[in-house]
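Engineer: Below you will find the structure I want to go over with you.
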Amino acid sequence: MAADQIPITMKTTYRDIVCAVIVSRDNKILMSRKHPLGGGVYVNCWQLPGGGIEEGETHEQALRRELLEETGLDTGKLAVSLLSDTDSDSATKKLESGEIVLCQMKFFVYLIPVNLNHSEIPARPGADLAQLAWYSRSELAHLHLVPAGVRLFDLYGDQIFNFWPPKQTV
């Protein structure tokens, strides 16, 4: 067997990930992009804000902590409902030590409607994020999304982007 045919064994980590579809009254959702030097997976893709569940946390506690860390939003009084818990994915990640590991992730996606227009919601990038931005459904088509995001919007886009009733004109 040639040297280039030898399989390389990579350490694998397993992590449950919580993330939020924060939908504003004007039917835009908050998307995030990781800082390229901050590590993590999918650094060049747009994704929903969220992250890993720490030991001893419930999914909801982890979700609210991650949103506060990543967006500055205190979602403590907002309703949260599970949208999807059936998707998973794997990607490589570079650890602080320089080691590259394979991350096996199971996603728990929560819907958080906010009864404000997106311009009234004071989100700001924090933690390991480089950017936050609000997008309509048509604008998402032009973004480089994480694979799980593409699948999520294909399956639940109608439910997400039609949460708030259309504005009535007088």
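The values are calculated or read from the model by the stated rules, or taken from the named source; none is laboratory data. Since this is a predicted model, take the numbers as computed values, not measurements. Note: ideal-geometry Cβ built from the backbone for every residue, glycine included; neighbour counts use all protein chains shown. Keep in mind that these areas ignore ligands, DNA and RNA; they rest on the heavy atoms of the full protein, side chains included. Shrake-Rupley method; radii C 1.70, N 1.55, O 1.52, S 1.80 Å.
Engineer: Might you let me know whether segment 25-41 holds any residue that is surrounded by 16 or more Cβ atoms within 10 Å (Cβ to Cβ), farther than 15 Å from residue 149 by Cβ and more than 16 Å from the chain's Cα centre (by Cα)?
Structural biologist: yes
Engineer: Here are some conditions: (1) under 21 Å from residue 156 (Cα atoms); (2) open to solvent by less than 30 Å² (accessible area, probe 1.4 Å). Residue 59 meets all but one. Which one does it not meet?
Structural biologist: Answer for residue 59: the failing condition is (2).
Engineer: From the set of residues in segment 122-144 that are assigned to a strand (DSSP E or B) and within 20 Å of residue 37 (Cβ to Cβ), which is most open to solvent (accessible area, probe 1.4 Å)?
Structural biologist: Applying the filter and picking the extreme gives 131.
Engineer: In this structure, is residue 76 at pLDDT below 95 and either surrounded by 11 or more Cβ atoms within 10 Å (Cβ to Cβ) or part of a helix (DSSP H, G or I) (or both)?
Structural biologist: no
Engineer: Taking into account only those residues within segment 84-121 that are in a loop (DSSP other than H, G, I, E, B) and over 19 Å from residue 27 (Cβ atoms), which is most open to solvent (accessible area, probe 1.4 Å)?
Structural biologist: 96
Engineer: Pairs needed: first member in segment 99-115, without any contact (Cβ under 8 Å) to a residue 60 or more places away in the chain and among the charged types (D, E, K, R); second member anywhere, outside any strand (DSSP E or B) and surrounded by fewer than 15 Cβ atoms within 10 Å (Cβ to Cβ); C-beta distance under 6 Å; at least 6 residues apart or different chains.
Structural biologist: none
Engineer: Further question: Condition (residue is modelled with pLDDT under 95 and assigned to a strand (DSSP E or B)) applied to segment 51-66: is it met by at least one residue?
Structural biologist: Looking through segment 51-66, at least one residue is modelled with pLDDT under 95 and assigned to a strand (DSSP E or B).
Engineer: For segment 1-31, name all the residues that are hydroxyl-bearing (Ser, Thr, Tyr) and at pLDDT below 95. Even if it seems obvious, please write down each step before you answer.
Structural biologist: Taking segment 1-31 and keeping what is hydroxyl-bearing (Ser, Thr, Tyr), we get 9, 12-14, 24.
Those that are hydroxyl-bearing (Ser, Thr, Tyr) and at pLDDT below 95: 9, 12, 13, 14.
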